[in-house]
Amino acid sequence: MIKRKFSYYFSVGTNAFAWQTVILSIINILFGTGVSFNSYVVLQCLCIGFTIPFLMFFTDKLTLKTNFPTKILVDLIDVFLVVLIMGGALFKWFEFVLADLAIVAGVILAVYFVVFAITIVRDRIDSDFINKKIKERNKNENSH
Amino acid sequence: MKINVIHDSSYEETEVTIKCAYVDDTLQKIINLLEAENFRLKGKLEDKTFVIPVKDVYYIESVDERTFIYCKSKVYETEQKLYQLEENMPKSDFVRISKSCILNIRKLNYVKPLLNGKMEANLTNGEVQIVNRHYLKGFKEKFGI
């Protein structure tokens, strides 16, 4: 069970890291934030990308029996906390001023919902494939 | 593939021996089918013990430290724990979908993805089970994904 959960959160972490890096790069190019994407920044992104699912592992237990919108809210709070503490206070990616915080909030929402959307689409494709396999199997069994 | 069937009334028990250089996908399917046909579960209903062919099992669920075998319309209780059944059940047809449930994928009617990362498994008897997102990968692997 722990191996399964670790695998799930590892997958979430790598997806989040990938999309976080892409979105930050796009923002950097479009708005010229001045953040140079050197090896340190990439490793910092990786740290944040994996700390978030680590925190979600614990808060998931708190939201086990709550509804889905509450779960999303708790997830976003997890992300905001990690980004503010690690990204802002520790790695000094941004200042704690309204404009910077607004951009940070935008990036967080964008990454979260991109990863969410990808998961939805992937699960839809997979379920269609599974249903096709079920139909084929039922057809084979009925023909015998 | 050569198939030899030897009829002899002196044999007390049917024995299947497969001689092969290696086990390919087709052979593995045959072995899985034989294992599934051969496997039997014991379950209690109204103080009577029944032998349940595994092909009749829809899912097995553990509730309050008791294990129940769900067939089309009947529910039997077994003394075995879920993890013991999971180890002994034919791996081809059964998959763990949550901490407390093992599902027979042959009894699936269709599946539907849910927004919370889980999947709804609709069974041929009308019942619905939820595939927990932590078990989704193993569930999908049963279908070659």
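With the cut-off at 28 Å, tell me which of the pairs B:Lys2/B:Lys29; B:Lys42/B:Lys137; A:Lys71/B:Lys99; A:Lys135/B:Lys72; A:Lys133/B:Lys137; A:Lys139/B:Lys91 have Cα atoms farther apart than that.
Checking Cα-Cα distances, B:Lys42/B:Lys137 exceed 28 Å.
Find which of A:Ala105, A:Trp93, A:Leu62 sits farthest along the positive direction of the dipole of the stretch A:47-141, computed with +1 on the beta-carbon of Lys and Arg, -1 on that of Asp and Glu, about the Cα centre.
Value: A:Leu62.
Please build a GNM for chain B, connecting alpha carbons under 10 Å apart, and tell me which residue among B:Ser100, B:Ser92, B:Ser73 fluctuates the most.
Per the Cα network of chain B with a 10 Å cutoff, B:Ser73 tops the list.
Just A:Lys133, A:Lys92, A:Lys71 to compare: in a GNM of chain A, with alpha carbon springs under 10 Å, which one fluctuates most?
A:Lys133
Can you tell me which aspartates and glutamates have their Cα less than 15 Å from the Cα of B:Lys112? Leave out same-chain residues fewer than eight positions away.
Within the straight-line cut-off, B:Lys112 pairs with A:Asp123, A:Asp126, A:Asp128, B:Glu120, B:Glu127.
With a cap of 11 neighbouring Cβ atoms within 10 Å, and only residues DSSP puts in a loop, list the chymotrypsin sites (Phe, Trp or Tyr not before Pro) found in the stretch A:44-144.
Details: sites: A:Phe50, A:Phe54, A:Phe57, A:Phe58, A:Phe80, A:Phe91, A:Trp93, A:Phe94, A:Phe96, A:Tyr112, A:Phe113, A:Phe116, A:Phe129; in loops: A:Phe91, A:Trp93, A:Phe94, A:Phe96.
The qualifying sites are A:Phe96.
Suppose every K and R has +1 on its Cβ and every D and E has -1 on its Cβ; what is the size of the dipole of the stretch B:25-141 about the Cα centre, in Debye to the nearest 20?
The calculated dipole for the stretch B:25-141 is roughly 320 debye.
Need one value for B:114-121: mean number of C-beta atoms belonging to other chains within 10 Å of its residues' C-beta atoms.
4
Hey, what angle do you get for helix B:25-38 against the long axis of chain B, alpha-carbon based, 0 to 90 degrees rounded to 10?
Roughly 80 degrees between the two axes.
Across the residues of B:128-135, average count of Cβ atoms on other protein chains within 10 Å?
Partner Cβ neighbours, averaged per residue: 3.
With labels modelled as points extended 7 Å from the Cα through the Cβ direction, what inter-label distance (nm, one decimal) is found for A:Tyr40 paired with B:Gln84?
Roughly 5.9 nm, to one decimal.
Please find, in a Gaussian network model of chain B (springs between Cα atoms separated by less than 10 Å), the residue of B:Ile105, B:Ile130, B:Ile18 whose mean-square fluctuation is greatest.
In this elastic network of chain B, the residue with the biggest mean-square fluctuation among B:Ile105, B:Ile130, B:Ile18 is B:Ile18.
Assign unit charges at the C-beta atoms only (+1 for Lys and Arg, -1 for Asp and Glu), then state the dipole size of the stretch B:1-71 relative to its Cα centre in Debye, rounded to the nearest 20. Spell out each step's value before the answer.
On the way: 9 positive and 14 negative charges, 27 e Å.
Using only the charged Cβ atoms, the result is roughly 140 debye.
Taking 8 Å as the Cα distance limit and 6 or more residues as the minimum spacing, I'd like the relative contact order of the stretch A:2-143 as a percentage.
27
Hand me the chymotrypsin sites (Phe, Trp or Tyr not before Pro) from the stretch B:28-117 located in a DSSP loop with no more than 10 other Cβ atoms within 10 Å, in residue order please. Please list the in-between numbers first.
Working: sites: B:Phe39, B:Phe50, B:Tyr58, B:Tyr59, B:Phe68, B:Tyr70, B:Tyr76, B:Tyr83, B:Phe94, B:Tyr110; in loops: B:Phe39, B:Tyr58.
When the chymotrypsin sites (Phe, Trp or Tyr not before Pro) of the stretch B:28-117 are filtered for loop state and at most 10 Cβ neighbours within 10 Å, nothing remains.
Can you bin the stretch B:25-141 into rounded, prolate or oblate? Criterion: square roots of the alpha carbon gyration tensor eigenvalues sorted a ≥ b ≥ c, rounded for a/c under 1.5, prolate for a/b above b/c, oblate for the rest.
oblate
B:Leu45: accessible area at probe 1.4 Å, nearest 10 Å²?
40
Round to a whole number: what % of the accessible area of chain A belongs to carbon and sulfur, probe 1.4 Å?
For chain A, the apolar C and S fraction of the accessible surface comes to 72 percent.
State in Å² the accessible area per residue of the stretch B:1-91; use a 1.4 Å probe, count heavy atoms of protein chains only, and round to the nearest integer.
Heavy-atom SASA per residue in the stretch B:1-91 reads 83 Å².
Just tell me how shielded A:67-76 is by partners: mean number of partner chain Cβ atoms within 10 Å of each residue's Cβ, no decimals.
That works out to 1 on average.
Go through the stretch B:91-145 and name the trypsin sites (Lys or Arg not before Pro) that are in a DSSP coil and have 15 or fewer other Cβ atoms within 10 Å of their Cβ.
Those that pass, being in a loop and sparsely packed, are B:Lys91, B:Lys99.
The values are calculated or read from the model by the stated rules, or taken from the named source; none is laboratory data. Remember, it's a predicted structure, so these values are computed and weren't measured experimentally. No Cβ is skipped: glycine too gets one built from the backbone with ideal geometry, and neighbour counts run over all protein chains shown. The protein model used for the area step is the full one, side chains on, heavy atoms only, and it has no ligands, DNA or RNA in it. Shrake-Rupley method; radii C 1.70, N 1.55, O 1.52, S 1.80 Å.
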